[in-house]
Each structure stands twice: as structure tokens, then as C-alpha cells.
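Here the structure comes first, spelled out in C-alpha cells, and everything after it is commentary.
The values are calculated or read from the model by the stated rules, or taken from the named source; none is laboratory data. What you see is a predicted model, and the numbers here were worked out from it, not measured in a lab. Here the Cβ positions follow ideal geometry from the backbone for every residue, glycine too, while neighbour counts run over all protein chains shown.
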Amino acid sequence: MANVNDRKTAVILLDTREHTPEHERAVHLKIAERLACLLGCDQVLNALPGDINGRYYYLPTSTLVGPERYAALGIQSEADLFGGLVAQPYMATKAISHPLPADAVMPPGWTDGFARQASDALLRGYSVFSKADARRAVQLLLPEGPVRVKPVLATAGRGQCVITQAAELEPLLGEMDDSTLALYGLVLEEDLHDVETFSVGQVRVAGLTCSYHGIQHLTHDHQGMSVYGGSSLAVVRGGYDALLQLPLEEHLRLAINQAMVYEAAAEQHFPGFLASRRNYDIARGTTANGQVRSGVLEQSWRLGGASSAEMLALQAFASDPTLLRVKASTHEVFAQVSLPSDATLFYQGNDSELGQFSKYARIGQHEHSE
């Protein structure tokens, strides 16, 4: 629990998006309530109060951009929010996961130092902030095999396309707005086959730190589309060093180390960066030349799909100081289902956009210190 001298007076749900679906809003409020319990807060607020001079803890719906702007709300360290804060819009996206081509357009605050330091954790690819640089990047990548074009504002793989010749890039570029491209960027990356995607993450709340590795599951929505269906996490009390003490297969150990390298580069090269919720997707697959590659696809320094499971793990560690490890999972089902006996419900209802939808989390397999 939070130290009484550092106790916040309220948790504020800070919705920074133009539109938040009904079910997400409900889930976010339940997560805010659990954060309030961990922090010893008296209340949860749905919006900024008229007086922002209190000691507030914030739950943003996206990574915040602009340290100076949010310092006015009292967000000055990771102890002030569940999520992250960066200096430039592209730093909140997968655009940081690759270097620029030589002599490319460079957005404000860009440093080649990040990609150099994180090179062992990255797949082969480029980030670009202009259409001309996109064309050059494709020419550099195509001789080694197909190229995956990845809009950085899309989530869950939406909007991605694999091309095998340079001409296939043109209709994709034709749909892109130049000013948006200049602000957020575009990723062009070697395409992998037989891909496995692992999650590595860490959350820090109320003096507690827990770290995890996990996998994501897919399900089908009411239109039959394959979509995110939840995550299964192995969670430990402590930092990544504690996570590496688990018996791990070598590809998982590599994924955790790559996430650590990526995160250390961000802390070194992005002034103003802070995050109490850190999540990294690491892909392992085979290139067109038959080589096995592993690398960080992107970061999530914000509230995410696995955060309901993260909350249950944090609360379990807060309640029992001898607890060292737990299994936690989150489940998204496009139906009104009968819940397992150990489920914690975060949403169940008829969402106006999704239809019947249920989201719940579970926790189990506790391991204590002797």
C-alpha cells in the first residue's frame, strides 16, 4: 500500500482519446477503482476537477505526450500515473523500433542513439516520416525478402500489408496524409513467417513492482474476424531480474533480455520519458532466407488489454508480502458467458459497437517464500 505521506487524494480517469468504446470505459473505471485501493485513495473521478491542486493519481487512456503540459496537472514522476509520458507523439508508437534511412527527414527530438543502443533487440527495418523516405526504405529492404508496411497508429495488426515489389507501396502511400506521416511516422520491416509473439512487461504502483512474461490469445468477434482474446501472464514480485530467475526456455529468456535492452535505450535517449506501466511485444519468426529472428515489435507505455490481469496480480502481492509468483490472465469473449468461479468480472453487456461482450480476469497458482 502507499506510504501515508505520499498518499493521493483521488484517482482520475484521464480520457485522452477522441472516442472510447462503452466496454473500455467500464473496464477503465474498474481498473481505476483497484488503483485507488492500492494507493489508499478516497475516490475515483471520471474527469478533471475544477481545482487541480490536490494530490491526484492519473489513469490516462493513452500514452501522454508533452512533459511540460502534464506537469501542470502534477504529473512529474511515475508515481503520479498508471501509464507513460513522452516528449514527442512518435515516441508513443512503434516508430521508435527502427532507425531512419540515411539522410532521411528527421522529426523533432529524433536520435539515432536509440536504435544503435537497442540494435540487438530490433528486427531489420526502417522508420520514415515522408513518402520519399518510404520509397527509399523499401528499396533497401526488398532485396532480402518481402516487406511489412505498418501504420504506427493502428493496433492489433490492423492496416498492415506485406509487399514484394516497390510498386505495391504506391497505393498505400496514396492513402496517407503527409502531415500525419510527418508527425507519427511509418514502419517498414522485414516480414517473418511462423511468428510467435510474446509479451514482457512491468508495472509499478504504490511502491510495488511486478514483472511478467506472457502470450496473447485470439478469438473471433461477431463478424468472424480474428481479434485479441486475452493474455496469459506469469507474474513475479520485483523487477526483470526476478523474472529471469524463473526456469525459462531460451527464446523466452532472449525476449525478456531484448525488452530490457529496448527499455534501457528509451530511458537513455528520450528526455522526459517516464512510465509506470511498461509492456513490450516481441516477435520470433523466420525470414524469407530461413533465418530465425527475434525482436521487439513495439512498446505499450499505457493502459492495455492485459491491465486487468496486472491489477489482480498487484493486489495479490499487496495483500500478501510472502507471495512471490502468480499466474494471471485476462479473457475477452464475444458473448454473455457463465463466468468461472475464480473470475473477476470487468465488463459484461451489449456494447453498442461490439454487441454482446464479456471481459474478465483470473488469478491462480500462487507461490510463496518459505
Looking at region 145-165, can you tell me whether even one residue there is surrounded by 13 or more Cβ atoms within 10 Å (Cβ to Cβ), basic (Lys, Arg) and under 23 Å from residue 309 (Cβ atoms)? no
Tell me which helices (runs of 4 or more DSSP H) are completely within region 160-249 and hold 3 or more residues being touching a Leu at 6+ places or on another chain (Cβ under 9 Å), of a type outside the set (Ser, Thr, Tyr) and modelled with pLDDT under 95, or say none if there are none. none
Does residue 285 satisfy the condition of being buried (at least 19 other Cβ atoms within 10 Å of the Cβ) and under 30 Å from residue 145 (Cα atoms)? no
Search region 106-132 for residues that are under 16 Å from residue 92 (Cα atoms) and pair each with any residue that is β-branched (Val, Ile, Thr) and not in a loop (DSSP other than H, G, I, E, B) when their beta-carbon atoms are under 7 Å apart and the residues are at least 6 apart or on different chains. 114/96; 127/187
Taking region 307-333 and keeping residues surrounded by fewer than 19 Cβ atoms within 10 Å (Cβ to Cβ), assigned to a strand (DSSP E or B) and in contact with a Leu (Cβ under 8 Å, 6 or more places away or on another chain) leaves 327
Of (1) out of contact with any Phe, Trp or Tyr (no Cβ under 6 Å at 6 or more places or on another chain); (2) farther than 19 Å from residue 249 by Cβ; (3) among the hydrophobic types (A, V, I, L, M, F, W, C), residue 283 fails just (2)
Residue among 8, 30 that alone is on the phi < 0 side of the Ramachandran plot, surrounded by 15 or more Cβ atoms within 10 Å (Cβ to Cβ) and part of a loop (DSSP other than H, G, I, E, B): 8
Only listed residue being within 18 Å of residue 361 (Cα to Cα) and over 14 Å from the mean Cα position of the chain (by Cα), chosen from 222, 217: 217
Of the conditions (1) in a loop (DSSP other than H, G, I, E, B); (2) in contact with a His (Cβ under 7 Å, 6 or more places away or on another chain); (3) outside the structural domain of residue 172 (by TED's automatic domain parsing), residue 111 fails just one. Which one is it? (3)
In this structure, is residue 255 outside any loop (DSSP other than H, G, I, E, B), over 16 Å from the mean Cα position of the chain (by Cα) and among the small types (Gly, Ala, Ser)? no
Among the residues listed as 102, 79, 71, the single one being surrounded by fewer than 15 Cβ atoms within 10 Å (Cβ to Cβ) and within 22 Å of residue 206 (Cβ to Cβ): 71
If you check 304, 364, 295, which single one turns out to be more than 30 Å from residue 77 (Cα to Cα) and not in a helix (DSSP H, G or I)? 364
In region 58-104, which residues are under 21 Å from residue 183 (Cα atoms) and assigned to a helix (DSSP H, G or I)? 67, 68, 69, 70, 89, 90, 91, 92, 94, 95, 96, 97
Any hit, region 181-190, residues being outside the structural domain of residue 297 (by TED's automatic domain parsing) and either surrounded by fewer than 19 Cβ atoms within 10 Å (Cβ to Cβ) or without any contact (Cβ under 8 Å) to a residue 24 or more places away in the chain (or both): yes
